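Worksheet: one structure, shown below.
The values are calculated or read from the model by the stated rules, or taken from the named source; none is laboratory data. Model, not experiment: these values are computed from the prediction. Here the Cβ is made from the backbone with ideal geometry for all residues, glycine too, and neighbour counts use every protein chain on show. Areas reflect the complete protein model, heavy atoms only, side chains present, ligands, DNA and RNA absent. Shrake-Rupley method; radii C 1.70, N 1.55, O 1.52, S 1.80 Å.
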Amino acid sequence: MEVLKERAKQYIKGKDVCVIATCSRNMPRASTVNYVSDGFTLYIVTSARSTKVRNIRENPNVSIAIDDQGKERLCLQAQGIATILSGREAEKARKFYCQFRDITKHKPELVDTMLRVELKEIMFSDYTTGELKVYKFRV
């Protein structure tokens, strides 16, 4: 299982775009976002006025999908808990994020909020051998 977890971790690290699904008042919302990862933790920069932030304030449970568009024939879906960071935690996360992605060209109001998503349950699908293999595990 540890080998599989490490493979999933490397898959997440090797990508930088995911879909995050949030929900508020029984209305789901999926958003494509850029992220950087630290193991099974994702950091996302967004706007404080975004629907995803409003939804997370009400319900921190999220779902994440990372897909390689059929190139490697791998994909990952996960459930996790999102936190809207503030203060020193947000500053530290922003510095970490900016080591990997340049956000200086974005309007400041579009990148004023840091989210941390801690993945809890993962489903990793592998079709690289021509036979679908699905692995599920808790982090």
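Going 7 Å from the Cα of residue 72 toward and past its Cβ, which residues in region 32-64 have a backbone nitrogen under 11 Å from where you end up? Answer for this model: none. Couplings for region 24-41, taken from phi via the Karplus curve 6.51 cos²θ - 1.76 cosθ + 1.60 with θ = phi - 60°, read 8, 6, 6, 10, x, 8, 10, 9, 7, 9, 8, 8, 10, 10, 9, x, 9, 10 Hz in order; Gly and Pro are left as x. Report note on the peptides 97-109, 13-25: ranked by the mean count of other C-beta atoms within 10 Å, highest first, their order is 13-25, 97-109. Sum up the charges of everything whose Cβ sits under 11 Å from the Cβ of residue 20, counting Lys and Arg as +1 and Asp and Glu as -1, but leave residue 20 out. Net of charged neighbours comes to +2. What the phi angles of region 123-128 give under the Karplus curve with 6.51, -1.76 and 1.60, with θ = phi - 60°, is a coupling list of 10, 10, 9, 10, 10, 5 Hz, glycine and proline written as x. The residue list 75, 51, 130 was ranked by how far each Cα lies along the charge dipole of region 40-139 toward its positive end, using unit charges on Cβ atoms, and 51 comes out on top.
Remark: region 40-124 carries a charge dipole of roughly 260 debye about the Cα centre, counting +1 on each Lys and Arg Cβ and -1 on each Asp and Glu Cβ. Expressed as a whole percent, the accessible area of region 28-105 that falls on carbon and sulfur atoms is 46 (1.4 Å probe). Amide hydrogen proximity for residue 35: with H placed 1.01 Å from N in the peptide plane, the residues at 5 or more positions away or on another chain lying under 5 Å are 17, 18. Adding -39500 (n - 2.57) for every DSSP H run of four residues or longer, then dividing by how many residues the chain holds, sets the calculated 222 nm ellipticity at -7000 deg cm²/dmol. Sequentially through region 107-121, phi angles give Karplus couplings (6.51, -1.76, 1.60; θ = phi - 60°) of 4, x, 6, 8, 9, 9, 9, 9, 10, 10, 10, 9, 6, 10, 10 Hz, Gly and Pro residues having no value and appearing as x. With only the Cα atoms considered, the chain has a convex hull volume of 116 Å³ per residue.
Positive end of the dipole of the chain (Cβ unit charges, origin at the Cα centre): among 1, 17, 114, the Cα lying farthest that way belongs to 114.
Summing Lys and Arg as +1 and Asp and Glu as -1 over all other residues whose Cβ lies under 14 Å from the Cβ of residue 95 gives a net charge of +1. Length available on full extension from residue 133 to residue 6: 0.36 nm per residue minus the Cα-Cα distance, which gives 44.1 nm.
Relative contact order (percent) for the chain, with alpha-carbon contacts under 8 angstrom and 6 or more residues of separation?
In percent, rounded to a whole number, it is 24.
Scanning residues 5 or more positions from residue 139 or on other chains, those with amide H under 5 Å from its amide H are 121, 122, with H placed 1.01 Å from N in the peptide plane.
Accessible area per residue for region 1-96 is 58 Å², calculated with a 1.4 Å probe on protein heavy atoms, without ligands, DNA or RNA. If R0 is 25 Å, the Cβ-Cβ spacing of residue 17 and residue 57 corresponds to a FRET efficiency of close to 0.55.
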